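> Have a look at this one.
The values are calculated or read from the model by the stated rules, or taken from the named source; none is laboratory data. Worth saying up front: this structure is predicted, and the values here are computed from it rather than measured. All Cβ positions, glycine included, derive from the backbone under ideal geometry; neighbour counts span all protein chains shown. Remember, those area values only see protein heavy atoms, side chains included, never the ligands or the DNA or RNA. Shrake-Rupley method; radii C 1.70, N 1.55, O 1.52, S 1.80 Å.
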Amino acid sequence: MIFYLIIFLILIAILIGFCIWIYRLFKLYKSGNRKSFWIQSSILAVITIIVTWNLQIFPFSKNFYIKEQTELLTGKNFWSWEIYDYEELGVRGEGYTIDIFEFNDEMAEYFKNPDSDFFEKYPLELDYRENWTRKTWKKTPVIESEVEYLEHSTPHYGGWKGEIVERMKFVRKLANKEGSFYAYNNRGENNVDFFIICPNEKLIIMINHNM
């Protein structure tokens, strides 16, 4: 709790610092000190790009991030385009995220009949999941002994309405019929990364649910 409070206070301090910097730039411009104005504006622009890139706010930054993630998950490095995302985070590390990305026809053809490495080696063990259990790709439908991880990844929260509810139904539908693949990482029953690839829909779905 204290850690997340500190992070929140740091973010507030950074935001205030940016506002003060912008105010000073405005004063520099008004005073006619154009050289200092342009130098400081350039520095601010570079810092802003770096920060927004790492926060995946900058245009296409998330596409690059997902490209790296899909290589770790599947062994294939490919571009994809975001169809849907949802994020709900708590202050103690708990939360829920889902990202749905669409890939191209070439990758769809590969995933219709992936090679043996796909099933035997991937997803790779992620550095930040070293204490988690890793399960490699299998064909859907999800086997009975692993249904609990699918259910944990597609919860029914009373406050959820509209599109997020429909997305949960869609994910469960894909996971419970033939034609797709699934894999997951887990730490116990309450912390799960769940992944689905559907060649027919040309989709890769990445879910994280921590409690």
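> Which residue out of 12, 83 is at pLDDT 70 or above, closer than 18 Å to residue 205 by Cα, open to solvent by less than 90 Å² (accessible area, probe 1.4 Å) and hydrophobic (A, V, I, L, M, F, W, C)?
On the way: 12 fails: closer than 18 Å to residue 205 by Cα.
Only one candidate passes the filter, namely 83.
> Does residue 66 satisfy the criteria of being modelled with pLDDT under 90 and of a type in the set (A, V, I, L, M)?
Criteria met by residue 66.
> Being hydroxyl-bearing (Ser, Thr, Tyr) and under 11 Å from residue 185 (Cα atoms) is the filter here; which residues of segment 129-152 pass it? Full working, then the answer.
Of segment 129-152, the ones hydroxyl-bearing (Ser, Thr, Tyr) are 133, 136, 140, 145, 149.
If the condition is that a residue be hydroxyl-bearing (Ser, Thr, Tyr) and under 11 Å from residue 185 (Cα atoms), then 133, 136, 149 are the ones that fit.
> Look at segment 31-44 and say how many of its residues are closer than 19 Å to residue 18 by Cα and open to solvent by 50 Å² or more (accessible area, probe 1.4 Å).
From segment 31-44, those closer than 19 Å to residue 18 by Cα are 36-44; that's our starting set.
Still in the list and also open to solvent by 50 Å² or more (accessible area, probe 1.4 Å): 38-39, 42-43.
Here the count works out to 4.
> Suppose we filter segment 178-202 for residues that are assigned to a loop (DSSP other than H, G, I, E, B), over 19 Å from residue 114 (Cβ atoms) and in contact with an Asp or Glu (Cβ under 8 Å, 6 or more places away or on another chain); how many remain?
The first filter runs over segment 178-202 and keeps only residues assigned to a loop (DSSP other than H, G, I, E, B), leaving 178-180, 188-190, 199-202.
Those left that are additionally over 19 Å from residue 114 (Cβ atoms): 188-190.
From the residues that got through so far, the ones that are in contact with an Asp or Glu (Cβ under 8 Å, 6 or more places away or on another chain) too are 189.
Within segment 178-202, residues that are assigned to a loop (DSSP other than H, G, I, E, B), over 19 Å from residue 114 (Cβ atoms) and in contact with an Asp or Glu (Cβ under 8 Å, 6 or more places away or on another chain) number 1.
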